[in-house]
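Since the structure comes first, as structure tokens, the remarks are kept for the end.
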Amino acid sequence: MTKSKQLYLLMLAVSIVYIIYVVYFNFKHDPQATEFLSHKSNLKRPINIPVWLNVMYVHVATASMAMVSGAINFSNQILRKYRELHRINGYVYLVCVSLAVVTSGYMAPYATGGKINSRAFNFVNIIWPLITIAALVKIKQKQVNKHRKWMVRSYVFCFTNMFIHLISFVLYQLFEMNYDSAYTIGVYGTILLNFTLAEIVIRYIYKIPIDSLTVKK
């Protein structure tokens with residue numbers, strides 16, 4: 001089994017488990033986000049809870065759909081046999097990313113930890129769609145390998161929430177750090193981790209060109 005196949009299966013497994021967890025936690029276990037909202041303090045503006053929750057539901061749904069859609073399009077088998085599906089699914093991914101960043105933009109001013117984290121989320125809300133558009137431009141120019149590289153850079157941002165909560169959980173629960181500080185380190189650490197992981201995958205996993213799989217546009 002090739003490294004790229006192993007990575008794909010691992011990514012698929014992580015994505016499935018995480019989506020199941022997120023959907024269960026946000027829609028079944030704690031639909032009012034009581035636990036998460038309890039950590040928000042010293043906000044400069046009050047949160048309209050019903051509106052915030054509805055936006056959060058849309059964000060969770062579209063981010064999860066982006067994770068699924070992106071995972072599907074990294075399948076070489078689907079690219080070879082179902083190129084039209086790959087193309088349509090690519091636009092589904094683009095729409096999901098767009099909705100995810102718009103909803104994130106609404107929630108950013110209420111970010112846990114205050115303005116320092118709001119700025120970080122706004123940066124992600126700008127850079128993620130720009131990277132995704134860059135991937136779209138490359139495939140329109142029939143540059144398949146560059147398209148795949150930009151898609152890797154885009155797709156890692158689907159795991160932003162997972163990495164943030166994983167890092168903050170370790171710092172808060174295991175090292176007993178103040179939650180706001182743990183969350184802030186989680187946010188900025190995740191942004192750095194996303195860029196780093198993408199370049200590692202591009203350099204060491206997807207280093208073999210896929211000219212033979214060029215998609216006709």
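Being assigned to a loop (DSSP other than H, G, I, E, B), in contact with a His (Cβ under 7 Å, 6 or more places away or on another chain) and either among the β-branched types (Val, Ile, Thr) or on the phi < 0 side of the Ramachandran plot (or both): is that true of residue 112 here?
Considered against the rule, which asks whether it is assigned to a loop (DSSP other than H, G, I, E, B), in contact with a His (Cβ under 7 Å, 6 or more places away or on another chain) and either among the β-branched types (Val, Ile, Thr) or on the phi < 0 side of the Ramachandran plot (or both), residue 112 comes out as yes.
Which pairs do you get when a residue that is over 15 Å from residue 161 (Cα atoms) and in contact (Cβ under 8 Å) with a residue 24 or more places away in the chain, found in the range 100-126, comes within reach of a residue that is of a type in the set (A, V, I, L, M) and in a helix (DSSP H, G or I), reach meaning Cβ atoms under 6 angstrom, with the pair 6+ apart or on two chains?
106/55
Restricting attention to the range 140-154, does a residue exist that is part of a helix (DSSP H, G or I), β-branched (Val, Ile, Thr) and modelled with pLDDT under 95?
Yes: the range 140-154 contains one or more residues that are part of a helix (DSSP H, G or I), β-branched (Val, Ile, Thr) and modelled with pLDDT under 95.
Checking residue 134 against (1) more than 17 Å from residue 71 (Cβ to Cβ); (2) surrounded by fewer than 20 Cβ atoms within 10 Å (Cβ to Cβ); (3) in contact (Cβ under 8 Å) with a residue 24 or more places away in the chain, which single condition isn't satisfied?
Just one mismatch for residue 134, condition (3).
Residue 98 - would you say it is at pLDDT below 95, more than 20 Å from residue 188 (Cβ to Cβ) and among the small types (Gly, Ala, Ser)?
no
Is it the case, given these coordinates, that residue 202 is of a type in the set (A, V, I, L, M, F, W, C), part of a helix (DSSP H, G or I) and modelled with pLDDT of 95 or more?
Spelling it out, it is not the case that residue 202 is of a type in the set (A, V, I, L, M, F, W, C), part of a helix (DSSP H, G or I) and modelled with pLDDT of 95 or more.
Which one is nearest to residue 74 (Cα to Cα) among residues in the range 15-35 that are surrounded by 13 or more Cβ atoms within 10 Å (Cβ to Cβ) and without any contact (Cβ under 8 Å) to a residue 24 or more places away in the chain?
Looking at residues that are surrounded by 13 or more Cβ atoms within 10 Å (Cβ to Cβ) and without any contact (Cβ under 8 Å) to a residue 24 or more places away in the chain, I get 16.
The values are calculated or read from the model by the stated rules, or taken from the named source; none is laboratory data. It should be emphasised that the depicted structure is a prediction, and the values quoted were computed from it without experimental measurement. As a convention, Cβ positions derive from the backbone with ideal geometry for all residues, glycine included, and neighbour counts pool all protein chains shown.
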